[in-house]
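Some notes on the structure that comes next.
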Amino acid sequence: MVRLAAKGEVASAGYAHADNVSAAIYGGFVIVRSYNPLEIINMKAPEDLEVCVAYPHMATAAHKTEKARAIVPKQISIDKLVRNVGSAAALAIGFAEGDIDLIGASMSDAVVEPERAALIPGYQKVKENALKAGACGVAISGAGPAMIAIVNKKNANSDRVAEAMKEAFESTGLKATAFATEPGRGTHILETE
């Protein structure tokens, strides 16, 4: 199912990849470890983890994912590589241990996000507002312009975080939509004959 669905990503990203479709199919937290052979690692999200998503109402380019990938640096410093690998490893450990604060703190990207941030009006303010409202971490969602925040519902109100993100986008003069939700459980059979 993932292999077939990944082919649909050609329409938006310019090539087949399983990052999005494997998460939709499996639910929870997904790592695409390998494409040949296809190897997907799936972990359940911590019970108290909630997700806030906010996006500005703005025109986006056709094939935006392909264009967002084109601005990613082709070469990076060892320092940035070490930082990103460390963040990715810590993020996975956060999910394995159910540590929402570690998950949020690990949503730090020294390579891709600094380049893509310029494509998102109000990026820095959205991030600041979400953190001030209690988010554990904030990042660009996919190719943007949507942004995503992780919230530990024991410590913060995700509706307030989502509203803070929306207000930050709207401070740029754009309308915005924001909502809070829980990680999806993935596909499942509703009924059988």
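The values are calculated or read from the model by the stated rules, or taken from the named source; none is laboratory data. Only a predicted model underlies this, so the values are computations on that prediction, with no experimental measurement involved. Don't worry about glycine lacking a Cβ; one is built from the backbone with ideal geometry, like all the others, and counts go over all protein chains shown.
State whether one or more residues within the range 48-55 are surrounded by fewer than 16 Cβ atoms within 10 Å (Cβ to Cβ) and without any contact (Cβ under 8 Å) to a residue 60 or more places away in the chain.
No, the range 48-55 contains no residue that is surrounded by fewer than 16 Cβ atoms within 10 Å (Cβ to Cβ) and without any contact (Cβ under 8 Å) to a residue 60 or more places away in the chain.
Within the range 164-178, can you find the residues that are surrounded by fewer than 19 Cβ atoms within 10 Å (Cβ to Cβ) and out of contact with any Pro (no Cβ under 7 Å at 6 or more places or on another chain)?
Glu167, Glu170, Ser171, Gly173, Lys175, Thr177, listed by residue number.
Which of the helices (runs of 4 or more DSSP H) contained wholly in the range 1-64 include at least 3 residues that are more than 29 Å from Ile100 (Cα to Cα)?
Because the criterion is at least 3 residues that are more than 29 Å from Ile100 (Cα to Cα), the helices (runs of 4 or more DSSP H) in the range 1-64 that meet it are 2-7, 10-13.
Considering each of Leu91, Leu4 in turn, give the residue that is over 21 Å from Thr187 (Cα atoms) and among the aliphatic types (A, V, I, L, M).
Leu91
Conditions: (1) modelled with pLDDT under 95; (2) under 18 Å from the mean Cα position of the chain (by Cα); (3) not charged (D, E, K, R). Ile189 meets all but one. Number of the miss?
(2)
Consider Ser34 carefully, then state whether it is polar (S, T, N, Q) and touching a residue at least 12 places away in the same chain (Cβ under 8 Å).
no
Please count how many residues of the range 131-156 are of a type in the set (D, E, K, R) and in a loop (DSSP other than H, G, I, E, B).
Going through the range 131-156 one residue at a time, the tally reaches 2.
Looking at Ser158, Ser171, Ser141, which is the one that is under 20 Å from Val112 (Cβ atoms), in the same structural domain as Met58 (by TED's automatic domain parsing) and of a type outside the set (A, V, I, L, M, F, W, C)?
The match here is Ser141.
Only one of Val161, Val126 is modelled with pLDDT of 95 or more, among the β-branched types (Val, Ile, Thr) and closer than 30 Å to Ile76 by Cβ. Can you tell me which?
After applying the criteria, what remains is Val126.
Is it the case that some residue within the range 97-114 is outside any loop (DSSP other than H, G, I, E, B) and touching a Lys or Arg at 6+ places or on another chain (Cβ under 6 Å)?
Checking the range 97-114: not a single residue is outside any loop (DSSP other than H, G, I, E, B) and touching a Lys or Arg at 6+ places or on another chain (Cβ under 6 Å).
Name the residue that is modelled with the lowest pLDDT, counting only residues in the range 7-45 that are under 17 Å from the mean Cα position of the chain (by Cα) and of a type in the set (Asp, Glu).
Going through the qualifying residues, I end up with Glu9.
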